[in-house]
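Shown next, in structure tokens, is the structure this report addresses.
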Amino acid sequence: MKKVKITIDDKEIAVAPDITIMQAAEQLGIKIPRLCYHPDLSLEGACRVCIVNVEGWRTFAASCATRVSEGMKIQTNSPEIRQARRDLIELILDNHPRECQLCERDGNCELQNLAYSLGVRERLFEGRRKRHDIERSSPSVIRDAEKCILCRRCVRVCAEVQGVFNLSQLYRGFNTVVAPAYEGPMNDSVCIACGQCVNVCPVASFLENRSTDKVWEALADPDKHVVAQIAPSIRAAIGEGFNQPAGTAMTGQTVTALRRLGFDAVFDTNFGADMTIVEEAHELVLRLEKNEHLPLLTSCSSGWIKFLEHFYPEMIPNASSCKSPMSIVSTLLKTHYAEKQKIDPEKIYMVAIMPCVAKKFEAERPEHRTDFGAPYTDAVLTTRELIWMIKAYGIDITNLPEEDFDTPLGFSSGAADIFGTTGGVMEAALRTAAENLTGKPLDNLDFTGVRKTEGLREASIKIGDKELNVAVANGLTHAKEILDKVKSGKKTFHLVELMACPGGCMGGGGQPYPPYGHHVLDREVLKIRGEALYHIDAKKQVRKSHENPFVKKIYQQLLKTPGSDKAHKLLHTSYHAREPRGIK
Amino acid sequence: MMETKIHIDKDIKAFMDECLQRDNPKSYLIAVLHKVQKKFGYLSPEHMDQVAQYMQIPTSTISGVATFYHFFRLQPRGKYAISVCMGTACFVKGADKVLESFKTELGIDIGETTQDGLFSLENSRCLGVCALAPVVTVNDKVYSNVNEKQVPDLINRVRSEEE
């Protein structure tokens with residue numbers, strides 16, 4: 001493509017003709033202030049904060065939404081431009097609650113940061129303000145329309161990345177509000193609880209439904225045996241909350257920090273991941289033998305499962321009936337572990353620390369309840385909530401010694417670690433399934449064909465004399481694509497890994513907000529977080545789920561064989577079609 | 001599907017089928033909603049759910065369109081549809097006060113219907129009888145030179161006729 005010559009702030013540059021002024025300026029090290037813009041989403045041009053002056057143009061142009069053209073002379077800074085940007089932010093602020101110190105996003109709010117950097121130091125007008133109640137119906141996501149600045153990032157991520165289309169702008173003008181259809185409650189909508197709206201919201205209009213209060217309460221209760229489990233992806237992301245670079249593995253420090261917070265035992269969701277793999281690989285082998293309900297669809301991602309129930313209920317028989325690693329650890333804790341340790345299971349309080357807000361929904365599902373009626377998982381904290389609790393307690397996590405998880409639910413193979421990134425479940429399942437199918441140990445454990453961060457990839461993997469067609473999808477728009485392909489019958493698949501969030505759990509709805517100047521869901525950051533898990537995996541002695549000695553022991557003592565009646569009772573679950581039905 | 005009280009009839013389905021045959025079928029959403037409103041007098045969530053499933057357009061999108069345009073009603077009209085003219089002549093002669101008075105007397109906002117289903121409130125553009133401003137219509141009946149103090153009387157008169 002022929003490059004075009006443009007001038008930005010008196011510097012000449014030749015750039016590709018299909019980029020925007022904002023992108024061209026970035027090549028010169030000029031970062032134009034922005035608000036509604038997100039590189040992975042469609043262009044909105046709603047906030048106008050990124051305005052620049054183009055010579056000969058009657059008005060300022062929104063640089064995110066204006067393409068470059070030959071000979072364009074652009075000015076990104078002048079007293080008038082800065083004043084106009086400041087005015088725009090002030091107008092947004094005039095219809096925004098003045099309660100920054102009380103806000104969850106204080107300190108990492110994009111609006112607050114912009115107001116500061118553009119020099120807003122006083123508020124001149126007191127005008128009419130929109131009033132809305134906070135909508136708390138969903139166990140996962142709360143919606144506070146009063147703080148909304150109508151940037152539409154949530155609407156865009158819900159439609160374009162997740163294909164859910166739950167959110168829309170309703171009404172018009174001053175009364176405009178972002179909400180599900182008919183302004184109904186989130187819990188009664190097609191919301192799949194993934195929390196990507198929370199991730200991309202520049203302010204605090206969408207937040208996780210907080211569980212910290214009840215966890216503090218449980219920790220302070222001497223009668224309760226409070227247990228934590230941490231998901232694989234936490235260890236690679238938690239450091240970002242303490243100014244560590246992305247991808248800093250902090251497994252040991254996190255365990256220590258949890259003990260200092262007062263947890264009586266600290267277990268690893270990875271153990272559940274190993275159990276999941278043993279059961280799921282068994283399911284896969286059975287289905288391959290019988291040649292039914294193929295492809296097997298993985299079931300670890302609770303957002304994906306809710307999506308399946310709303311959007312593709314006809315494919316429920318294909319989903320693995322295996323519980324998620326979180327629910328497996330919680331179930332084994334309140335049954336097998338409680339019995340062995342002689343602890344009254346009614347006194348056990350399980351706190352799962354997840355990169356995810358959909359897990360809060362999963363924990364409340366009636367399928368995941370004990371015989372005595374309590375949920376197996378009592379509370380789910382996001383990575384962000386745990387970071388906050390560690391700070392609130394005054395723990396300097398970066399200077400803590402590293403401690404090990406408690407046994408038996410704390411030991412895991414490398415296969416479990418990589419669950420936290422897209423393609424990981426697939427690779428872990430293949431390591432076990434391959435040995436089940438061939439009866440021979442694998443030479444090479446690294447299925448690098450599935451190790452990529454793109455949203456959708458397919459591969460063919462030779463195992464013994466079998467050729468397995470597999471696919472990995474993250475972000476539910478990609479899930480739709482692959483499911484439609486499966487349904488069309490154009491290609492036969494055997495195993496499909498599905499994760500609701502971009503990049504898998506690494507890009508979960510409960511992960512740390514990016515530092516100022518970085519954008520959320522940056523593919524680079526997701527990749528670095530994922531690589532941290534591959535490093536942990538590569539260093540482990542045991543790298544196959546079925547070789548985890550504690551997993552073997554649970555089968556010997558309790559479950560006998562994968563897929564046994566006991567295993568089904570404890571480790572498997574069921575799904576059902578949900579209303580309202582989603583539009584595919 | 002949710003248990004639905006009101007079913008979209010054959011004519012509307014035929015129209016949707018026709019739209020689905022054309023290029024860019026989703027662009028006919030507004031036309032479909034017009035047909036539904038013409039038939040039922042308003043758009044209920046059940047109607048919109050059915051259009052959503054039939055045309056494969058997300059309910060949130062339909063809900064966004066239906067709430068954006070003032071023409072679409074989201075509640076059934078009352079037995080007596082009150083409409084206050086907000087044309088220039090009526091407005092300068094105090095139609096806004098008349099409208100306010102209706103809102104307080106009936107306890108409803110524009111586009112809403114009273115609980116008993118008797119009254120609904122709307123505003124209209126110029127009706128062309130500016131000489132009689134401000135003008136209020138109740139169904140097809142025109143009331144002229146209305147001021148805000150007459151509003152309670154007007155409502156009571158309709159109520160007593162009803163009894």
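State the number of residues belonging to region A:556-584 that are part of a loop (DSSP other than H, G, I, E, B), charged (D, E, K, R) and surrounded by fewer than 18 Cβ atoms within 10 Å (Cβ to Cβ).
Here is the first cut: in region A:556-584, the ones part of a loop (DSSP other than H, G, I, E, B) are A:560-564, A:573-584.
Right, trim to charged (D, E, K, R) and you get A:560, A:578-579, A:581, A:584.
From what is left, the residues that are surrounded by fewer than 18 Cβ atoms within 10 Å (Cβ to Cβ) are A:560, A:578-579, A:584.
Residues meeting the conditions: 4.
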- [ ] Determine whether region A:511-530 contains at least one residue that is open to solvent by less than 20 Å² (accessible area, probe 1.4 Å), in the same structural domain as A:Arg451 (by TED's automatic domain parsing) and among the acidic types (Asp, Glu).
- [x] no
TODO: Filter region B:26-57 down to the residues that are within 13 Å of B:Lys13 (Cβ to Cβ) and away from chain A (no Cβ under 14 Å), then identify the one that is modelled with the lowest pLDDT.
DONE: B:Lys39
TODO: Confirm whether A:Leu456 is of a type in the set (A, V, I, L, M, F, W, C) and in contact (Cβ under 8 Å) with a residue 40 or more places away in the chain.
DONE: no
Open item on the list: Can you find, within region A:148-165, the residue that is nearest to the other protein chains (Cβ to nearest Cβ) among those that are out of contact with any strand residue (DSSP E or B) (no Cβ under 8 Å at 6 or more places or on another chain) and assigned to a loop (DSSP other than H, G, I, E, B)?
Closed with: A:Phe165
Open item on the list: Which count do you get for residues in region A:79-118 that are open to solvent by 40 Å² or more (accessible area, probe 1.4 Å) and either assigned to a loop (DSSP other than H, G, I, E, B) or touching a Ser or Thr at 6+ places or on another chain (Cβ under 9 Å) (or both)?
Closed with: 6
Task: Those strands (runs of 3 or more DSSP E) lying entirely in region A:166-278 with at least 1 residues without any contact (Cβ under 8 Å) to a residue 60 or more places away in the chain, outside the structural domain of A:Tyr513 (by TED's automatic domain parsing) and open to solvent by less than 20 Å² (accessible area, probe 1.4 Å) - done: A:168-170, A:177-179
Task: Matching residues, region A:450-484, being outside any loop (DSSP other than H, G, I, E, B), open to solvent by less than 70 Å² (accessible area, probe 1.4 Å) and charged (D, E, K, R) - done: A:Arg457, A:Lys480
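Please pick out the residue among A:Ile353, A:Ile316, A:Ile328 that is open to solvent by 10 Å² or more (accessible area, probe 1.4 Å) and either without any contact (Cβ under 8 Å) to a residue 60 or more places away in the chain or among the hydrophobic types (A, V, I, L, M, F, W, C) (or both). Explain how you work it out, then say what you get.
Numbers: A:Ile353 fails: open to solvent by 10 Å² or more (accessible area, probe 1.4 Å); A:Ile328 fails: open to solvent by 10 Å² or more (accessible area, probe 1.4 Å).
The conditions single out A:Ile316.
One line per residue, one yes/no per condition, for (1) without any contact (Cβ under 8 Å) to a residue 12 or more places away in the chain; (2) open to solvent by less than 30 Å² (accessible area, probe 1.4 Å); (3) in contact with a Ser or Thr (Cβ under 6 Å, 6 or more places away or on another chain); (4) not in a loop (DSSP other than H, G, I, E, B):
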residue: B:Val51; (1), (2), (3), (4): no, yes, no, yes
residue: B:Gln75; (1), (2), (3), (4): no, no, yes, no
residue: B:Leu99; (1), (2), (3), (4): no, yes, no, yes
residue: B:Glu161; (1), (2), (3), (4): yes, no, no, yes
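In region A:2-13, which residues are surrounded by fewer than 14 Cβ atoms within 10 Å (Cβ to Cβ) and at negative phi? Outline the logic, then answer.
To start, the set of residues in region A:2-13 that are surrounded by fewer than 14 Cβ atoms within 10 Å (Cβ to Cβ) comprises A:2-3, A:5, A:10-12.
If the condition is that a residue be surrounded by fewer than 14 Cβ atoms within 10 Å (Cβ to Cβ) and at negative phi, then A:Lys2, A:Lys3, A:Lys5, A:Lys11, A:Glu12 are the ones that fit.
Can you report the number of residues in region A:539-584 which are of a type in the set (A, V, I, L, M, F, W, C) and under 30 Å from B:Pro58 (Cα atoms)? Spell out how you get there, then give the answer.
First, the residues of region A:539-584 that are of a type in the set (A, V, I, L, M, F, W, C): A:542, A:550-551, A:554, A:558-559, A:567, A:570-571, A:577, A:583.
This time we only want the ones that are under 30 Å from B:Pro58 (Cα atoms), so: A:577, A:583.
Residues in region A:539-584 being of a type in the set (A, V, I, L, M, F, W, C) and under 30 Å from B:Pro58 (Cα atoms): 2 in total.
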Task: Those residues of region B:101-120 which are without any contact (Cβ under 8 Å) to a residue 40 or more places away in the chain and either within 16 Å of B:Lys79 (Cβ to Cβ) or outside any helix (DSSP H, G or I) (or both), in sequence order - done: B:Gly107, B:Ile108, B:Asp109, B:Ile110, B:Glu112, B:Thr113, B:Thr114, B:Gln115, B:Asp116
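The values are calculated or read from the model by the stated rules, or taken from the named source; none is laboratory data. What you are looking at is a predicted structure, and each value in this text was computed from that prediction instead of being measured. All Cβ positions, glycine included, derive from the backbone under ideal geometry; neighbour counts span all protein chains shown. Remember, those area values only see protein heavy atoms, side chains included, never the ligands or the DNA or RNA. Shrake-Rupley method; radii C 1.70, N 1.55, O 1.52, S 1.80 Å.
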